[in-house]
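K.L.:
The structure follows.
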Amino acid sequence: MEYQYLIVEKKNRVGLIRFNRPKALNALSPELMAELGEALEAFDADPEVGAIVLTGNERAFAAGADIKAMANASAVEMLMNDLIQRWETILHVKKPVIAAVSGYALGGGFELAMACDMIIASESAQFGQPEINLGIIPGFGGTQRLTRAVGKALAMEMVLLDRRLSAEEARQFGLVNHVFPVETYLDETMKLARKLAHQAPVAVRLGKEAVNKAFELSLQEGLAFERRAFHLLFATEDQKEGMAAFIEKRPPQWKGR
Ligand code: CAA
């Protein structure tokens, strides 16, 4: 599949998706987001892919939703076309998705990164919700996922005053897994993704789903979900193999069933 706004490739069971609108700092236009939805769905369905990496370039992961594409939109157009709905594809991906972020991750760019399962940042990464400067607020989770990560006080400053986070600050708040120099952040992300892609696939899928439930359900419901998933894994060949391999002191051979 050929894309106009993305560069997509497969390497060692990792699906790599790069935003490719460098002149617009990878502004997330409706066309780009439609392609991203297709690329994510294609990798999620591809048995040769076990993990997905989403990235931009050194200067910008993405500087937000495309302002030029929505500057003249009416409220009714925004509501009826609900372009943000297409963004939700990322929330339905079953395989782990890592954002490799360098430079600007602003507005919708930051929100998209927060919708991934992990974020690896370069030292130059800068995270923020500058929508207030445009007379709007975040529209893809920037008031919700961010607040859960950094707490009310800082979230208010970020959403109302455009206070930005450095890579190191974002790591301290648990938004970012690791920070690496600009020269190596993408290689390090690919290494991590390769590891993820070689774990037991059914357990990875249920583990991801269960951790995400912690943000959506009450503790009691979340624990019940976890227990069901835990029991279900005993129906897999991989559970038998994983435990036999441990007892026989050899590496496991996962089958994904
Ligand atoms: N949408 C459209 N185009 C954008 C863009 C965006 N979000 N961000 C940058 N660009 C374009 C610029 O218009 C410019 O294009 P031209 O050369 O054609 O003028 C090009 O990218 C380079 O940008 P700058 O000249 O502004 O570069 P800079 O280095 O001076 O500044 C920046 C970089 C601080 C990131 C600045 O571009 C900026 O503030 N961008 C907007 C950030 C923003 O407000 N994002 C939120 C968008 S709304 C949103 O995301 C809603 C949501 O929650 C879903």
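The values are calculated or read from the model by the stated rules, or taken from the named source; none is laboratory data. All figures in this text were calculated on a predicted structure; none of them were measured in a lab. Cβ sites come from the backbone with ideal geometry, for glycine too, and all protein chains shown count toward neighbours. Keep in mind that these areas ignore ligands, DNA and RNA; they rest on the heavy atoms of the full protein, side chains included. Shrake-Rupley method; radii C 1.70, N 1.55, O 1.52, S 1.80 Å.
K.L.:
Enter the accessible area of Glu41 (Å², nearest 10), with the probe set to 1.4 Å and all protein chains included.
P.N.:
100 Å²
K.L.:
Just in the range 79-161: which trypsin sites (Lys or Arg not before Pro) are loop by DSSP and have at most 16 other Cβ atoms within 10 Å?
P.N.:
On the way: sites: Arg86, Lys94, Arg145, Arg148, Lys152; in loops: Lys94.
Answer by residue number: Lys94.
K.L.:
Anyone know which of Gly242, Gly207, Gly128 comes out most mobile in the 10 Å Cα GNM of the chain?
P.N.:
Judging by the Gaussian network model, the answer is Gly242.
K.L.:
Need one word for the range 63-147: rounded, prolate or oblate. Basis is the Cα gyration tensor (sqrt eigenvalues a ≥ b ≥ c); a/c below 1.5 gives rounded, then a/b vs b/c decides.
P.N.:
Numbers: a/c = 2.22, a/b = 1.37, b/c = 1.62.
Oblate, since a/c reaches 1.5 and b/c is not below a/b.
K.L.:
Suppose all protein chains stay in the model; what accessible area per residue would a 1.4 Å probe give for the chain, in Å²? Intermediate values should be presented prior to the final figure.
P.N.:
Values: 14130 Å² over 257 residues.
Here the residues of the chain average 55 Å² of exposed surface.
K.L.:
At a Förster distance of 45 Å, what's the computed FRET efficiency of Lys11 paired with Gln85, Cβ-Cβ distance as r, to 0.05? Show your work: numbers first, answer last.
P.N.:
Working: r = 31 Å, r/R0 = 0.68.
After rounding, the FRET efficiency stands at 0.90.
K.L.:
Leaving out same-chain residues fewer than 8 places away, which aspartates and glutamates sit with a Cα under 16 Å from that of Lys68?
P.N.:
Reachable aspartates and glutamates: Glu31, Glu77, Glu131.
K.L.:
Tell me the Kirkwood hydrodynamic radius of the range 80-205 in angstroms, computed as one over the mean inverse distance between distinct C-alpha pairs.
P.N.:
On the way: mean 1/r = 0.0658 Å⁻¹.
Computed over Cα pairs of the range 80-205, the Kirkwood hydrodynamic radius comes out at 15.2 Å.
K.L.:
Determine, from the Cβ-Cβ distance of Glu221 and Glu168 and an R0 of 35 Å, the FRET efficiency 1/(1 + (r/R0)^6), rounded to the nearest 0.05.
P.N.:
On the way: r = 35 Å, r/R0 = 1.00.
The formula returns an efficiency of 0.50 here.
K.L.:
Something else about it: In a Debye calculation with equal point scatterers on the alpha-carbon sites of the chain and no solvent, what is log10 I(q)/I(0) at q = 0.07, 0.17 Å⁻¹?
P.N.:
For the requested q values the scattering log ratios are -0.26, -1.36.
K.L.:
Quick check on my link table: of Lys11/Lys94; Lys10/Lys213; Lys208/Lys240; Lys95/Lys255, which ones sit more than 23 Å apart, alpha carbon to alpha carbon? Mind showing how you got there, number by number?
P.N.:
On the way: Lys11/Lys94 19 Å; Lys10/Lys213 29 Å; Lys208/Lys240 21 Å; Lys95/Lys255 16 Å.
Over 23 Å Cα-Cα: Lys10/Lys213.
K.L.:
Could I ask something else about it? Round to the nearest 10 and give me the degree value, 0 to 90, for the angle of helix 30-45's Cα axis relative to the longest principal axis of the chain.
P.N.:
0 degrees
K.L.:
How far, in degrees from 0 to 90, does helix 201-213 lean away from the longest principal axis of the Cα atoms of the chain, to the nearest 10?
P.N.:
The answer is roughly 50 degrees.
K.L.:
With a 10 Å cut-off between alpha carbons and a GNM built on the chain, which of Val76, Val176, Val53 moves the most?
P.N.:
So, out of Val76, Val176, Val53, the one fluctuating most is Val76.
K.L.:
Can you give me the solvent accessible area of Glu77 with a 1.4 Å probe, rounded to the nearest 10 Å²?
P.N.:
Only protein atoms counted, so the area is about 90 Å².
K.L.:
Also: Relative to the longest principal axis of the chain, what angle (0 to 90°, nearest 10) does the C-alpha long axis of helix 219-233 take?
P.N.:
In the chain, helix 219-233 runs at an angle near 40 degrees to the longest axis.
K.L.:
May I pose another question? From the protein chains alone at 1.4 Å, what is the descending order of accessible area for Thr143, Thr189, largest first? All intermediate terms of the calculation are to be shown ahead of the outcome.
P.N.:
Details: Thr143 50, Thr189 0 Å².
Accessible-area ranking of Thr143, Thr189, largest first: Thr143, Thr189.
K.L.:
Run the helix sum for the chain: -39,500 (n - 2.57) per DSSP H stretch of 4+ residues, divided by residue count, reported at 222 nm to the nearest 500 deg cm²/dmol.
P.N.:
Calculated mean residue ellipticity at 222 nm is -12500 deg cm²/dmol.
K.L.:
Then there's this: Viscosity 1.567 mPa s, temperature 4 °C: give me the Stokes-Einstein translational D for the range 134-240 in µm²/s, with Rh taken as the Kirkwood radius over C-alpha pairs.
P.N.:
Numbers: Rh = 16.9 Å.
Using the Kirkwood radius from Cα pairs, D works out to 77 µm²/s.
K.L.:
Which one of Thr89, Thr147, Thr236 has the biggest mean-square fluctuation once the chain is modelled by GNM with Cα springs under 10 Å?
P.N.:
The residue that fluctuates most here is Thr236.
K.L.:
Apply the Kirkwood formula to the range 1-77: the hydrodynamic radius equals the inverse of the mean of 1/r over all pairs of different alpha-carbon atoms; give it in Å with one decimal.
P.N.:
Values: mean 1/r = 0.0751 Å⁻¹.
Taking the inverse mean of 1/r over all distinct Cα pairs, the range 1-77 comes out at 13.3 Å.
K.L.:
Computing the accessible area with a 1.4 Å probe over protein heavy atoms, can you report the carbon and sulfur percentage for the chain? Walk me through the numbers on the way to the answer.
P.N.:
Working: 7900 of 14130 Å².
C and S fraction of accessible area: 56 percent.
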